[in-house]
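Quick notes on the structure that follows.
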């Protein structure tokens with residue numbers, strides 16, 4: 001069963017790269033998300049607590 005938890009993401013760090021800005025977000029529940037501005041403002045990676 002999937003949780004309906006909405007992540008309360010805050011910026012952990014942001015770094016300019018040759019591909020654009022890469023921003024790392026974290027949630028108090030332990031989830032992480034990485035976003036880039038390289039053409040699209042979309043999540044490129046996300047984790048859930050427990051790594052699954």
*Select from region 29-38 the residues that are touching a strand residue (DSSP E or B) at 6+ places or on another chain (Cβ under 8 Å) and within 20 Å of residue 5 (Cα to Cα) and write down the one among them that is surrounded by the most Cβ atoms within 10 Å (Cβ to Cβ).*
35
*Selection within region 5-28 - surrounded by 11 or more Cβ atoms within 10 Å (Cβ to Cβ), modelled with pLDDT of 90 or more and assigned to a loop (DSSP other than H, G, I, E, B)*: 8, 9, 27
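The values are calculated or read from the model by the stated rules, or taken from the named source; none is laboratory data. None of the values given here were measured: they were computed from a predicted structure. Every residue, glycine as well, gets a Cβ built from its backbone with ideal geometry; the counts of neighbours run over all protein chains shown.
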